[in-house]
Every structure is written in C-alpha cells, then in structure tokens.
Amino acid sequence: MSMAKHHAKSLIKSLGTITLPIDPYRIAEKGGIEIREDDCEGYSGMLLVVNSQALISIKMSIREYPKKRFTVAHELGHFYIPGHITRETNYFKCNDKDLNTFGRKDNRESEANEFAAELLMPEDIFKEKIKHKNLSYNLLEDLIATFKTSLTATGIRFVDIYEDYALICSENSLIKWFSKGKEFPFFVAANGRLSEDSIAIEFFKGRELSKSFEAVPANCWLDDYKLKEGMEVQELSIALPYYNQVLSFIYAEAYEDDEDGYLEELDGYPKFKR
C-alpha cells in the first residue's frame, strides 16, 4: 500500500462511522484547518502552513462543487502526508494540471491526488459499489451521486481499481492526458489529434455522443505492436462541454501469445491473460 493511501485510510478510520459522501470540509474543520475561497490566479488550490496553523485557499471561480471538494481533499493530502510540509516547504500552490496528475512515482502532486481519491472514494466502499457491474454511463452517474465527485475524478478512480480500462481526455480534438489500469494490455497513443474513426471526435464536430460503448478500430486509440489487423476496442465517450473536453473510456481485451510470439484470440473472443 502506498504512503498516500495509508494516510488517507488512517484519517478515515479516525473519523469513526463513515457517512457518504465524505465531507473534506468537515475533516479540515476537525483538524483546525481554515478553508476559504479566494479570487486567486495561478492556482486552483493552495495549502499554507505557518507556525502550525494551516490554511486552505480554493479558487472561487471553480464551477463545480465536486471539483472544489476534490481540491480541498488534495490540499489535505499535502497536509497529512509526511514529508510534504517541511521546514523548507510550507506551502503548495496547485493548478488544474496538478489535480490531474496520477501514477507518477515520487511526485507529491500525484500522492496528494491518490490521497484525495482514497479519502473521497474509499477503496473498499468503491469496490463494493462496482462489484459484478460493467462500466456504463448509468453506473458512472450512480457513483458520482454517491461520492459527490466529478466525472473526471470518478473515472480515474474506476480505472485505477477496475484495472482493465483506460481513460483518455481530449480537448479541442487533441489528446490531452490519459490514465490506464495496470491490466490494460496496450500502449495508448498519448499525443496527437483524435482519429476520425473515434467516437470522441464527433463532439468536436458538433454532434451528440452515444451513452453506450461502441466498437471502433483499435488503432484510433492505441499504438502498440501487438495490435492485429482489424482489431477493435470498445469506446464510451462522454462530453464535458463547459471545458470543451471529452472523456473516453476504452476497453481492449488482450490476446494470448501463440507459439510464434504473436497474439491470438481465445475461443473466438479476445480475453485477458491472467
């Protein structure tokens, strides 16, 4: 277990009975941490610690309350994870890029995001909510309503726990970032313009997106020598019109290696190698 997750779990345990949604504002209040909203520029959230007194400042113009909640939880991560606040470093100013940084080892912003995800969407509870369920638009809506988290944070959490998926964010028809589960078997085409064969590109052409997974050519999202001719992946793309972004969930079942080192389908269907 990572240090960030360990300290988030410890903080949750200290709260006693868990009531969903978990309130990071209440946690900060109990810890004697002041929270205020400011008309700030250059950051979305800030933690400042002076003489053992802590202040969290949140950008007033953040549009969605779930994003404000995650930002508060992120700054709590900087406060509670040992080694973040030191004699040399008594503050953090975190922008939108910092709040979307996941999976990078030895990166304090990534650790703070991992802390926030565990604090707001505890792993055991999240796993129970998705147990025996396939990813769908309706499931994401249910999770967002339960945990009061944004689609982005919820999607990243889902991919982190249900490890067979990748999540790709595109903006202005360009791939901006991606997060993929440990069991996702292929490399994502991380840079460049969206493929004309993707579902996501339809949003940027002014068209409505489907609310269900659809098959698309694998090479419109993936860049991997293991791809076979004609291979398809499943794509569920959800628009975030206010940000001119699309979040695309990709499911790509793997092929087993054959004797020649290539990949082949099993029983007519691609299956994950376990």
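Of ASP160, ASP142, ASP164, which residue is at pLDDT 95 or above and acidic (Asp, Glu)? Spell out how you get there, then give the answer.
Values: ASP160 fails: at pLDDT 95 or above; ASP164 fails: at pLDDT 95 or above.
Answer to the selection: ASP142.
Have a look at PHE204, PHE186 and point out the one that is aromatic (Phe, Trp, Tyr), over 20 Å from PRO241 (Cβ atoms) and in contact (Cβ under 8 Å) with a residue 24 or more places away in the chain.
Among PHE204, PHE186, only PHE186 is aromatic (Phe, Trp, Tyr), over 20 Å from PRO241 (Cβ atoms) and in contact (Cβ under 8 Å) with a residue 24 or more places away in the chain.
Quick one: in the stretch 84-119, which of the residues that are within 29 Å of SER210 (Cα to Cα) and either without any contact (Cβ under 8 Å) to a residue 40 or more places away in the chain or not assigned by TED's automatic domain parsing to the domain that holds CYS40 (or both) is surrounded by the most Cβ atoms within 10 Å (Cβ to Cβ)?
THR101
Return the only residue of LEU240, LEU247 being at pLDDT 95 or above, surrounded by fewer than 18 Cβ atoms within 10 Å (Cβ to Cβ) and closer than 16 Å to TRP177 by Cα. Steps first, answer last, please.
Values: LEU247 fails: surrounded by fewer than 18 Cβ atoms within 10 Å (Cβ to Cβ).
Residue meeting the stated conditions: LEU240.
Out of curiosity, is SER14 among the polar types (S, T, N, Q), more than 17 Å from ASN113 (Cα to Cα) and at pLDDT below 95?
yes
In the stretch 122-178, which residue that is closer than 21 Å to PHE204 by Cβ and among the aromatic types (Phe, Trp, Tyr) is surrounded by the most Cβ atoms within 10 Å (Cβ to Cβ)?
Across the stretch 122-178, the extreme among qualifying residues is PHE178.
Search the stretch 142-153 for residues that are at positive phi and pair each with any residue that is surrounded by 23 or more Cβ atoms within 10 Å (Cβ to Cβ) and at pLDDT 95 or above when their beta-carbon atoms are under 7 Å apart and the residues are at least 6 apart or on different chains.
Close Cβ pairs satisfying both conditions: LYS148/ARG69.
Please enumerate the residues belonging to the stretch 145-177 that are over 18 Å from PHE213 (Cα atoms) and in contact with a Cys (Cβ under 9 Å, 6 or more places away or on another chain).
ILE175, LYS176, TRP177
Answer with yes or no whether LYS211 is among the basic types (Lys, Arg), loosely packed, with under 14 Cβ neighbours inside 10 Å and either touching a helix residue (DSSP H, G or I) at 6+ places or on another chain (Cβ under 9 Å) or touching a residue at least 12 places away in the same chain (Cβ under 8 Å) (or both). Spell out the reasoning first.
Details: among the basic types (Lys, Arg): yes; loosely packed, with under 14 Cβ neighbours inside 10 Å: yes; either touching a helix residue (DSSP H, G or I) at 6+ places or on another chain (Cβ under 9 Å) or touching a residue at least 12 places away in the same chain (Cβ under 8 Å) (or both): yes.
The answer is yes for LYS211.
Give the residues of the stretch 153-193 that are within 26 Å of ASP124 (Cα to Cα), in contact with a Lys or Arg (Cβ under 9 Å, 6 or more places away or on another chain) and aromatic (Phe, Trp, Tyr), sorted by residue number.
Once the filter is applied, which keeps residues that are within 26 Å of ASP124 (Cα to Cα), in contact with a Lys or Arg (Cβ under 9 Å, 6 or more places away or on another chain) and aromatic (Phe, Trp, Tyr), the stretch 153-193 yields TYR162, TYR165.
Looking at the structure I just gave you, is PHE79 at pLDDT 95 or above, out of contact with any Asp or Glu (no Cβ under 9 Å at 6 or more places or on another chain) and surrounded by 14 or more Cβ atoms within 10 Å (Cβ to Cβ)?
Criteria met by PHE79.
Residue-wise test of (1) under 21 Å from the mean Cα position of the chain (by Cα); (2) acidic (Asp, Glu); (3) farther than 24 Å from ALA116 by Cβ.
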site: ASP164; (1), (2), (3): yes, yes, no
site: ASN172; (1), (2), (3): yes, no, yes
site: LEU194; (1), (2), (3): yes, no, yes
site: PHE204; (1), (2), (3): no, no, yes
site: SER210; (1), (2), (3): no, no, yes
site: TRP221; (1), (2), (3): yes, no, yes
site: LYS226; (1), (2), (3): no, no, yes
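The values are calculated or read from the model by the stated rules, or taken from the named source; none is laboratory data. Small disclaimer: the values here were computed from a predicted structure and weren't measured. Heads up, the Cβs are rebuilt from the backbone with ideal geometry, glycines too, and the neighbour counts pull from every protein chain shown.
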